[in-house]
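Single-structure report; data block below.
Read-outs throughout are calculated quantities, based only on the coordinates presented, and are distinct from any laboratory measurement. For clarity, every value in this text was computed on a predicted model and none was experimentally measured. Because the Cβ atoms are built from the backbone with ideal geometry, glycine has one as well, and the counts that use them run over all protein chains shown.
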């Protein structure tokens, strides 16, 4: 069974559309994250949730809205997609979110905005 | 200036070579240091974790942290083609927030 899963794996869409990416973890972890990895492989945290509560919200446009219906799921909704949103989005999870916790990453969702 | 700087490479070495990967950082509060390996089209996976200064060894991999120079390294001995991947360093001051380098692309040629 996949520990951290994301859907879809690939997403190609037009500018201006609204899209969602889903993430689920079956590890029983309390903390989940969303990261954005650009074309130069730079990985930057966007959001962190602990037990469904927002912990980290980096300077991300408010077009991006995370939603955590329960601690096993953290979905990412993006409104009014822009060309610059094209990237690979990774979901991750860890036990408590502490610095010593291993983060387990999902396989990524490759978003292309045309 | 980025919090963490890492030479993106690409780095290409023959099988069996010793590989040295490095990151520098600017925030002296960082005390948790990690190396992740990312295969093509996959998510990163934790390879090594080190707290504060010093060395840590795990098989063919050795992580070194020099906090006085704000410099961390990952050494791979007897490199194998299966080591071909992008290696990302990451660091944190105290907890939730991790800052990643841009990754170094490594190819080990058989």
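Contact order, relative form, for the stretch A:1-99: 36 percent (alpha carbon pairs under 8 Å, 6 or more residues apart, mean separation divided by residue count). If a spin label sat at a point 7 angstrom from the Cα of residue A:57 along the line to its beta carbon, the backbone N atoms of the stretch A:22-51 nearer than 18 Å would be those of A:32-36, A:45-51. Measuring r between the beta carbons of residue A:96 and residue B:93 and using R0 = 25 Å, the FRET efficiency lands at 0.95. Note on chain A: GNM, Cα springs under 10 Å; of A:14, A:25, A:103, the largest mean-square fluctuation is that of A:14. Taking the DSSP bridge list for chain B and keeping only pairs wholly inside it, about 90 percent are antiparallel.
Translational diffusion coefficient of chain B (Stokes-Einstein, Kirkwood radius from Cα pairs, 25 °C, 0.890 mPa s): 177 µm²/s. Here the relative contact order of chain B, from alpha carbon pairs under 8 Å that lie six or more residues apart, stands at 38 percent. Computed over the alpha-carbon atoms, the protein assembly as shown gives an Rg to Rh ratio of 0.97, Rh here being the Kirkwood radius from the mean inverse distance.
Take the Cα of residue A:114, go 7 Å toward its beta carbon, and the backbone nitrogen atoms of the stretch A:19-35 under 19 Å from that spot belong to A:19-20.
Counted by neighbouring Cβ atoms within 10 Å, the residues A:111, A:54, A:74 run from fewest to most as A:54, A:111, A:74.
Counting Cβ atoms of other protein chains within 10 Å of each residue's Cβ and taking the mean over peptide A:95-104 gives 5. In terms of other Cβ atoms within 10 Å, A:95, A:34 run from fewest to most in the order A:95, A:34. Spin-label model, residue A:70 to residue B:58: label points 7 Å out along the Cα-to-beta-carbon direction sit 3.1 nm apart. Directionally averaged projected area (chain A, Cα convex hull): 6.6 nm².
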